[in-house]
Amino acid sequence: MPELKYVDGYPEYMRESIEVVNRTRGKRKDFVPDAMTAEEREEVLKVHPDYAPGGKRELALGPNAGDPVPGPVADLLEAYPLIDGKEIDLARADLEVDVMVVGGGLAGTAAALCAHDSGVAKDKILLVNKLRHGDCNSIMAEGGTQAADRPFDSPDRHFLDTIGGGHYANKPDVLRALVEDAPTIMHWLEELGAVFDKEDNGDYVENWGGGTTARRMHSCRDYTGLEEFRVLRDEFRARGIPKLEHSPAIELTTDGSGRVTGAVLYNLETGEYRVVGSKVVILATGGFGRLHIRGFPTTNHYGATADGLVLASRAGAKLRDADTVQYHPTGAAYPVQIVGFLLTEKLRGAGAQPVNREGEAFVFPLEPRDVEASSLIRECYVRDNGITTPSGLRGVWLDTPLIDVKNGAGYIDRQFPAMKRMYARFDIDMRKDPVLVFPTLHYQNGGVETDPDGRTNVEGLWVAGEVSGGVHGKNRLMGNSTLDTMVFGRRAGISAAQAVASAGAGERTFQHVTSYVRTLEEAGVATDRRAPMLLPEYRGKAALARMIDVL
Amino acid sequence: MGNQTGMMERISESTRSLTTGVDTKDVEHWVMIYIMGRGYRVPADLTIMTAMEFAGYRLIRSCGCRQGFCGACATIFRREGEYKLESALACQTRVEDGMSLVQIPFSPADAASYDIASEAYAYSVFSKHYPEVARCVSCNTCTKACPQDLEVMDYVQSAIKGDFGGLTEQSFDCIQCGLCAIRCPAEIVQYNVAQLGRRMYGRYGSPEPAHLKARIAEIEEGKFDEALDRLAGASTEELEKLYAASERESDG
């Protein structure tokens, strides 16, 4: 195949359609397609990967036996443990603490800080990370955090927007906690010194998000999660709370009657295990984007492999809404080096429009995410109005230059430095040319069910953040995930701290693991699959085929 | 609406090499790169990170978000025949033929122990926690090393002047990858200095909005309890009606 000729970052053949988009921009400046009716939404959702045929199966066993979940999730929930416990002396703890937090994104870091604020001595807290403290989805959140704090807005409006977007499946008590705590979380971040976008008079700049009926998105340019996370991490470091990195929890321990009492950690670099006893465990392990459900690329960080779902479920925790997956409408579709990377919804909140090959705006830009993503899939694969890239992907344009047309020159420079930088690295100027997008696997909508304090049905086990389920129902809105992590990280930390005051250390056993293996065998699950997965496999097939283990 | 099962398979097939690892038979163009001195032939359209994986490395360090936000994958490299040492994020940089590279998985540096509520909003906060900041010789090596193209030396100078607003503006896009600190001849840890400075600005230089405080007070007084009680107890049918009737704030 001859080398393609590139003009301003795009192969020459794609420029024809780009010129159509650039030419029609003036006409589209004041035109926005109508938002869909409930019936139109229902129709387009038929092409959503969650609702298109196939892709799921019912769990054969466990607390959620009979529930449909995506195939790759079922594969992990119906898999044998990495260790059977015989090789490990569980009775001897290398470390005993009161509160162990597993996972160091926003939720886990908030939980550790709030447990400390609530009276747990810092040396009785341990934060464990599979990778670095900071390898998480939180740090890559771009667009914003919702909080209903303007006079027009209200927590009940936030509640209604969220439950409508979530297909009315949201758990009302946790959703109420989310919207009522949101302004308090903003206050907490202000006290810790996070820097949010503000108007000249000191009020927050607040933007639209998909499916919101009021502007309530608080942002830090397009580095919102980075700013929130690095502030919390700096506070965590400033207090000297202990942590272990590159040490995933590979199994929880229970006391034999169902209570969680600690975990076995595995040093990814040396291969050594460590047993940690803890009066309570808070799982904040994030989601499952790296399972590439339905073969989609993902916005998620390297470690998003559903480990928390596996550990919690083996210990008896109940999941909910684990059948739904969020595909972010606008993942990068070109160039190939950044396929699947997130293009924040804030771009559409600021006026960018999805546009097809012919330069037509075909969808209201701010539908809830599942509806918006489905419209893009329909435009590419049903109506055949997409553009095909050199590597064979289809996408539609996101007309980013429209942002500066609507808001004035320099707006992209100020508000979207991360997006602009990412494209500039591949010779594309998103201020002048549109960018190609297609939905990308973004978020685990469901997860472990909790009460409003993050408590699960398993004694001694709390969860917070993406690993939990209920608050977003079957589809999360933009800006509710960073909020979720901090609302429930904080609540879990406070509530766990209260619990340890009256709890003693429990015996550590693998009884739940043994009985889980028995259930697998009884259900006739014959497989060599083992879980948790810990890391996805991206090594080249040629290299893998020749690997031998001799040392 | 057509054959939707087939549609999902077509989508999945188009991204297969990105989700399951690269298969050699799909590759058209190749380059040679040198990972810590050893040569590997890799597909030309990969990033440094995916090229290392193609070569057979299973990354544990130097790989985090994979999208340019977390700072885990700091990398330094030289192009063939050039004297200049370049820095980059492995996940954001396409491989080039003849590139010789190594990753910097960790940057040893202590972060300050402090309580933000009891620090002075003045230059002294830097001299107290990071006194080495005064050793800056304005050589600009940090700026040249920054993969985000920030004016690192300028924000260090803002710190020395006690200009918290300027420091915040100049350092805001810092992902704390550590490349500046590794190269600094004055041994300043620029990204920690900036972190301290931004938090001080956020707390003391950019006051909490009045409308936020007012809303928190309203919630505490129970102003929204009745509306939330009603929503939390409503049936799906009632919620559907309320949702359909909910009017969007005017854009004006």
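Numbers below:
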{"quantity": "Residue check for residue A:122: at pLDDT 95 or above, more than 20 Å from the chain's Cα centre (by Cα) and either more than 8 Å from every other protein chain (Cβ to nearest Cβ) or closer than 22 Å to residue A:321 by Cβ (or both)", "calculated": "yes"}
{"quantity": "Test: residue in segment A:128-150 that is surrounded by 24 or more Cβ atoms within 10 Å (Cβ to Cβ), farther than 20 Å from residue A:483 by Cβ, more than 11 Å from chain B (Cβ to nearest Cβ) and modelled with pLDDT of 95 or more", "calculated": "yes"}
{"quantity": "Residues (in a helix (DSSP H, G or I) and in contact with a strand residue (DSSP E or B) (Cβ under 8 Å, 6 or more places away or on another chain)) located in segment B:190-216", "calculated": "B:211, B:212"}
{"quantity": "So residue B:38, is it out of contact with any Pro (no Cβ under 9 Å at 6 or more places or on another chain) and either polar (S, T, N, Q) or within 18 Å of residue B:147 (Cβ to Cβ) (or both)", "calculated": "no"}
{"quantity": "Residues satisfying the stated conditions in segment A:533-551, i.e. more than 9 Å from chain B (Cβ to nearest Cβ) and in a loop (DSSP other than H, G, I, E, B)", "calculated": "A:533, A:534, A:548, A:549, A:550, A:551"}
{"quantity": "Residues being free of Cβ contacts under 8 Å to residues at least 12 places away in the same chain and more than 10 Å from every other protein chain (Cβ to nearest Cβ) - total across segment B:80-123", "calculated": "8"}
{"quantity": "Yes/no for residue A:447 being buried (at least 24 other Cβ atoms within 10 Å of the Cβ) and touching a residue at least 60 places away in the same chain (Cβ under 8 Å)", "calculated": "yes"}
{"quantity": "Given (1) farther than 21 Å from residue A:114 by Cα; (2) surrounded by 24 or more Cβ atoms within 10 Å (Cβ to Cβ), number of the condition residue A:474 does not satisfy", "calculated": "(2)"}
{"quantity": "Residue list for segment B:161-189, filter: in a helix (DSSP H, G or I) and within 14 Å of chain A (Cβ to nearest Cβ)", "calculated": "B:164, B:165, B:166, B:167, B:168, B:169, B:170, B:171"}
{"quantity": "Residue in segment A:316-330 that is outside any strand (DSSP E or B), more than 14 Å from chain B (Cβ to nearest Cβ), basic (Lys, Arg) and more than 20 Å from the chain's Cα centre (by Cα) present", "calculated": "no"}
{"quantity": "Residue within segment A:204-216 that is more than 10 Å from chain B (Cβ to nearest Cβ), closer than 30 Å to residue A:245 by Cα and touching a residue at least 40 places away in the same chain (Cβ under 8 Å) present", "calculated": "no"}
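Yes/no per residue for (1) in the same structural domain as residue A:181 (by TED's automatic domain parsing); (2) of a type in the set (Lys, Arg); (3) under 24 Å from residue A:261 (Cα atoms):
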position	(1), (2), (3)
A:451	yes, no, yes
A:467	yes, no, yes
A:474	yes, yes, no
A:508	no, yes, yes
A:536	no, no, no
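The values are calculated or read from the model by the stated rules, or taken from the named source; none is laboratory data. Worth saying up front: this structure is predicted, and the values here are computed from it rather than measured. Positions of Cβ are generated from backbone atoms using ideal geometry, with glycine treated the same way; all protein chains shown enter the neighbour counts.
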